[in-house]
Each structure stands twice: as C-alpha cells, then as structure tokens.
Amino acid sequence: MTTAFITHRDCWLHDMGAHHPECPERLSAISDRLIAAGLDMYLSFYDAPLATLEQIARVHPAEYVRGIGDSAPESGIVHLDPDTAMSPGTWTAALRSAGAGILATDLVMAGEAENAFCSVRPPGHHAERARAMGFCFFNNIAIAAAHAIEVHGLARVAVADFDVHHGNGTENIFANDPRVLMVSTFQHPFYPYCGTEDPAPNMLNVPMPAGTRSDGFRQAVTDVWLPALRAFAPEAIFISAGFDAHYEDDMASLGLVEADYAWVTRELKAVAAESAQGRIVSMLEGGYALSALARSVTTHIKALADL
C-alpha cells in the first residue's frame, strides 16, 4: 500500500492578508519540495472533497458552522479575532481542509492506503467546539477522528500533536471522551496559554520550556507518549502535524530539526503497526518558515512511506 497525499487548489484561496504567516505559499513550498525530492512518484495523489455539514457537526454545533459560512466576505478580509481572518476563498478552503481528513480516513480504513498526509490550510487544532481562533476555523483532525468513530465504528483512536502550540481545540472537543487519547508536546508558557491546568485523564500534555531541543522532545515522546499509546492500543492514529517547533521557525522558541520529525513519525508508525493495522492520518497544522516547513514535511512523508 502507498501513502496518500491529499490537497486541493482551493486551499490556496484562503488569504488572511499581506505578511500573515499562515499564507498560501506554505502549500506551494511543500509541493515544490516533494517534486524536487522525487517523492511524487511514490505517492498516491487525491483532491480533497468538500466536507458536509453533517460531517463537521460531529464536533462543531451546526449553528457555529453556519455562522462561519455567513461570516465569509464577498470581498476583502473580515477578522474573527486578531489572528484569524476570512477572505472570499476561506469558506471553501475550510471545507476542503476538513474534507481531506474525511477522505484520508476513508482511504486508510478501506485499505486503499496505509497512511495519508493532508497538505491543507486553514489548519485546525486551535478551533474549539464553538470558537474559531489561532488561524483555525474547523478542527480538521477532530472531524477526521470523529468520522473514524462514528462511520467506521472504531472504539479507540489516538491523536498525536507535535505542533509548537497546544492543540486546545482538540482538547476542548475530546476531553473526557474515553474513545480518544490525545498525546501532545508544546512550548509553554506560550499561545494559547493552556493545557497544563488539570487536563482530563485522556489528555497527556507535555509542556516544554522555550529552548527545548531534540533530546527533551524525544524524552517526552519516549517516556510519556509511547507507553500511554501502547496501553491504549488505538485502532487508528491521527497526527496534528505542526512543524513550527523547528529551530528555523521564529514564530516560537523550540529547536527541533528534520531528524526529530522523522524519528517521531517512525515511532508512531511502530505503534500503529501493533494495534491499528498501520492506519495513520496526518494533517498539516503549523510551520511558517517556508524552507524548514517544506523540508520537515518531506521528511515526515518519507518516514510515513518507508522511503
């Protein structure tokens, strides 16, 4: 089986304004690097479908979803908060991003791909049940995980989040849900300034101080993530793949490198092979230094595809 690569040109249409770090060039950098590295011939490419209201409403109230659609401007840019804005292309891009996770889940559950990477924007892990924030509108990874549970009947799914920012939205949606285990690492104290105060039992958050490098990250994964994941025995693993903990990314102050992303991907693949028939769905979250982002995603995909 191959690794699926899912994206859509509509994801380039979301625009939060000049000089915003969450820019369309992020996806171009990834695509260009994949081709330059010769990986395109090893992947199966798919266009992301539009997610439906029913699919999104498994984790977001229907009135919230409709409100996001109603907020989309016909021209210009409308801010939902100081960080998060909509352009005329945002609504369709957000539906494609959520739809990518749905398709990825269907592909790995059908055995048509062992795993999948969704190169999409806007990202999702800051979107809470009824709140857009942190560049995010719909929680793409939560929508995909809920699809695996509700449509494919999985009893246990895991979410692994190595973005430099805590995935507060995913925690908000799945806290105290025994069907979901979330493991995460993130810089702390740092936006969104949460994740450390009395998390739910199914939330294993590992805050890391600014300046943490490879050894600290790998120790957190080895000591906290992996034992918990193996005890939980997930039937599928969903990765919130943010690459803004890279040392070249000046949006934050951690010091990971490409080798760390390759390593954690291989470790998660080992867990998936034990209990999940290898099933992994990975979705792009952060990562704003374009060269570092492209190199890191390429490394991540190479590990997913055993290349």
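The values are calculated or read from the model by the stated rules, or taken from the named source; none is laboratory data. The structure presented is a predicted model; accordingly, all values stated were derived computationally and were not measured. Here the Cβ positions follow ideal geometry from the backbone for every residue, glycine too, while neighbour counts run over all protein chains shown.
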Number of the exception - Y288 against (1) out of contact with any Ser or Thr (no Cβ under 9 Å at 6 or more places or on another chain); (2) crowded, with 24+ Cβ neighbours inside 10 Å; (3) of a type in the set (F, W, Y): (2)
In the range 83-96, the residues that are buried (at least 24 other Cβ atoms within 10 Å of the Cβ), assigned to a helix (DSSP H, G or I) and more than 18 Å from the chain's Cα centre (by Cα): none
Would you mind telling me which numbered condition in (1) of a type outside the set (K, R); (2) at pLDDT 95 or above; (3) over 24 Å from N115 (Cα atoms) V257 fails? (3)
Within the range 165-195, of all residues that are more than 12 Å from the chain's Cα centre (by Cα) and among the β-branched types (V, I, T), the one nearest to E285 (Cα to Cα) is T185
By residue number, the members of the range 97-133 that are in a loop (DSSP other than H, G, I, E, B), farther than 13 Å from S240 by Cα and among the small types (G, A, S) are G111, A113, A130, A132
Quick one: Y261 ticks every box in (1) of a type in the set (F, W, Y); (2) touching a strand residue (DSSP E or B) at 6+ places or on another chain (Cβ under 7 Å); (3) surrounded by 21 or more Cβ atoms within 10 Å (Cβ to Cβ) except a single one, so which number is it? (2)
Suppose we keep only residues that are of a type in the set (V, I, T) and either touching a helix residue (DSSP H, G or I) at 6+ places or on another chain (Cβ under 8 Å) or modelled with pLDDT under 95 (or both) within the range 53-93. Which one would you say is farthest from H125 (Cα to Cα)? V78
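Looking only at helices (runs of 4 or more DSSP H) that lie completely in the range 1-82, which have at least 2 residues being under 19 Å from S291 (Cα atoms)?
Hits in the range 1-82: 25-36.
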Quick one: A144 ticks every box in (1) under 22 Å from G111 (Cβ atoms); (2) part of a loop (DSSP other than H, G, I, E, B) bar one, so which box is it? (2)
What are the pairs with Cβ atoms under 7 angstrom where one residue, in the range 18-47, is on the phi > 0 side of the Ramachandran plot and the other, located anywhere, is surrounded by fewer than 12 Cβ atoms within 10 Å (Cβ to Cβ)? Sequence gap at least six, or different chains. none
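Could you grab me the full set of residues in the range 21-52 that are of a type in the set (D, E, K, R), at pLDDT 95 or above and over 25 Å from A85 (Cβ atoms)?
Those that are of a type in the set (D, E, K, R), at pLDDT 95 or above and over 25 Å from A85 (Cβ atoms): D32, R33, D47.
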Given the conditions (1) under 20 Å from the mean Cα position of the chain (by Cα); (2) surrounded by 16 or more Cβ atoms within 10 Å (Cβ to Cβ); (3) within 25 Å of G134 (Cβ to Cβ), report the number of the one that V108 does not fulfil. (3)
Flagged in the range 264-277 as assigned to a loop (DSSP other than H, G, I, E, B) and surrounded by fewer than 18 Cβ atoms within 10 Å (Cβ to Cβ), in numbering order, are Q277
